[in-house]
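In what follows, a structure is listed as structure tokens, so that the remarks can point back to it.
Bear in mind that the values in this text are calculations on the coordinates, not laboratory data. Here the structure is a predicted model, which is why all the values come from computation and not from measurement. Methodologically, a virtual Cβ is constructed for each residue, glycine included, from the backbone with ideal geometry; neighbour enumeration extends over all protein chains shown.
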Ligand SMILES: Nc1ncnc2c1ncn2[C@@H]1O[C@H](COP(=O)(O)OP(=O)(O)O)[C@@H](O)[C@H]1O
Ligand SMILES: [Mg+2]
């Protein structure tokens with residue numbers, strides 16, 4: 001399958017300034033060398049605890065934020081050779097028609113919408129920015145989009161606050177698909193919603209993906225949310241990817257101790273066998289001063305000396321299953337011996 005997007009050694013370090021002269025004294029290593037390919041038409045789930053760098057990844061891709069280094073290769077339909085958007089300016093992106101092909105839906109729709117704008121203006125915003133449509137055509141497109149996301153014709157003349165959380169997220173989705181994007185980042189799109197509404201929004205996203213042949217990067221801290229919608233999952237820890245696999249493989253056979261711990265902490269329906277419970281000690285360390293070697297070593301129950309000094313690389317262990325762990329080939333046995 002062809003890739004839509006390839007992240008190569010992508011980094012985002014936020015400088016921290018201090019002292020009288022406001023010199024840079026440290027940096028937050030929010031992303032520290034991400035390598036990830038996203039295939040056309042798939043939903044790739046990006047999971048990990050709060051603060052591990054998921055939103056930073058999304059913002060870097062749609063260039064709401066400037067990566068510190070690395071590449072973001074975008075292979076859009078008209079430019080199959082790919083373009084590196086990591087260093088492009090917003091103006092260049094717009095000029096090359098790339099900006100409108102990449103969209104993002106945020107966790108809290110209220111903060112991403114101007115409360116003084118009517119719904120029709122909110123949805124039409126990216127279309128206006130793209131240009132080229134008459135006001136009549138814009139209106140028609142807005143009606144069409146509202147229908148696609150399950151809202152009705154009398155909704156465009158209202159303000160965002162007149163809607164429920166679920167409806168507002170539908171509006172955010174309508175806005176995101178307005179320009180016929182190829183790639184959408186969904187950043188915890190259901191986390192702020194009531195449980196009963198979450199499933200409706202997930203269904204809508206799933207339907208739209210098939211209907212419009214979209215590619216998703218679905219960001220969440222909640223593994224069960226992405227279990228049914230994602231084809232593959234990538235697990236993040238402190239600015240690094242630790243494991244990537246097909247969703248079923250990851251749930252049935254996690255190979256990184258961190259993934260194992262995440263999964264064993266939640267009751268998972270329809271997984272073949274129960275995972276032995278691993279409880280992690282301590283909190284996630286700060287990305288301001290991340291641990292040496294493997295970043296997970298301070299919390300890993302299977303830590304050895306090598307983990308403290310040498311950083312493991314993300315390598316394929318089984319077909320399409322990659323893990324970054326020095327003890328990747330022993331983990332299953334270790335879990336069994338120590339927690340069985
Ligand atoms: N503008 C910023 N300046 C400094 N640190 C930041 C900034 N934005 C995010 N961070 C830090 O980067 C890390 C990753 O953040 P984020 O990508 O939002 O995590 P997630 O979405 O996985 O919860 C966190 O430690 C966060 O505090
Ligand atoms: Mg986030």
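Top mean-square fluctuation among 239, 70, 132, Gaussian network model of the chain, C-alpha springs under 10 Å?
132
Taking the Cα atoms only, what angle lies between the long axis of helix 119-130 and the longest principal axis of the chain, rounded to 10 degrees?
It is inclined by approximately 80 degrees.
Extending each Cα 7 Å along its Cβ direction at residue 24 and residue 77, get the distance between those two points in nm, one decimal.
4.0 nm
Label segment 49-130 by shape, choosing from rounded, prolate and oblate, from the square roots a ≥ b ≥ c of the eigenvalues of the Cα gyration tensor; if a/c is under 1.5 it is rounded, and otherwise prolate applies when a/b is larger than b/c, oblate when it is not.
Oblate shape, in that a/c is at least 1.5 and b/c is the bigger or equal ratio.
May I ask you to sort 299, 116 by Cβ crowding, counting other Cβ atoms within 10 Å and putting the fewest first?
Least to most surrounded, the residues fall as 116, 299.
Rounded to whole Å, give me the distance from the Cα center of segment 51-110 to that of segment 127-175.
Between the Cα centres of segment 51-110 and segment 127-175 lies a distance of 23 Å.
Sort 244, 185 so that the residue with the fewest other Cβ atoms within 10 Å of its own Cβ comes first and the one with the most comes last.
244, 185
Which FRET efficiency value, to the nearest 0.05, do you get for residue 283 and residue 1 by plugging their Cβ-Cβ distance into 1/(1 + (r/R0)^6) with R0 = 41 Å?
Taking R0 as 41 Å, the efficiency between residue 283 and residue 1 is 0.60.
Calculate, in nm to one decimal, what residue 66 and residue 332 gain on full extension: separation in residues at 0.36 nm each, minus their alpha carbon distance.
Additional length available on full extension: 91.9 nm.
Quick one: compute the contact order of segment 3-230, relative version, from alpha carbon pairs under 8 angstrom and 6+ residues apart, as a percent.
About 24 percent, as a whole number.
With a 10 Å radius around each residue's Cβ, average the other Cβ atoms per peptide and rank 320-327, 210-217, highest first.
320-327, 210-217
Only helical DSSP H runs with n ≥ 4 go in: add -39500 (n - 2.57) per run for the chain, normalise by residue count and round the 222 nm mean residue ellipticity to 500 deg cm²/dmol.
When only DSSP H runs of four or more count, the value is -9000 deg cm²/dmol.
Out of 155, 221, 256, any idea which swings most in a Gaussian network model of the chain, alpha carbons joined below 10 Å?
155
Could you list 40, 168 so that the one with the fewest beta carbons within 10 Å of its beta carbon is first and the one with the most is last?
Placing the least packed residue first, the sequence is 40, 168.
From the Cα gyration tensor of segment 100-195, with a ≥ b ≥ c the square roots of its eigenvalues, which class applies: rounded if a/c is under 1.5, or else prolate if a/b is larger than b/c, or else oblate?
Because a/c hits 1.5 or more and a/b fails to exceed b/c, segment 100-195 counts as oblate.
Would you mind telling me the antiparallel percentage of the DSSP bridges in the chain, rounded to 5?
Of all bridge pairs located within the chain, approximately 65 percent are antiparallel.
Which residue, 237, 17, 228, tops the fluctuation ranking in a GNM of the chain built on C-alpha contacts under 10 Å?
Of 237, 17, 228, the Gaussian network model singles out 17 as fluctuating most.
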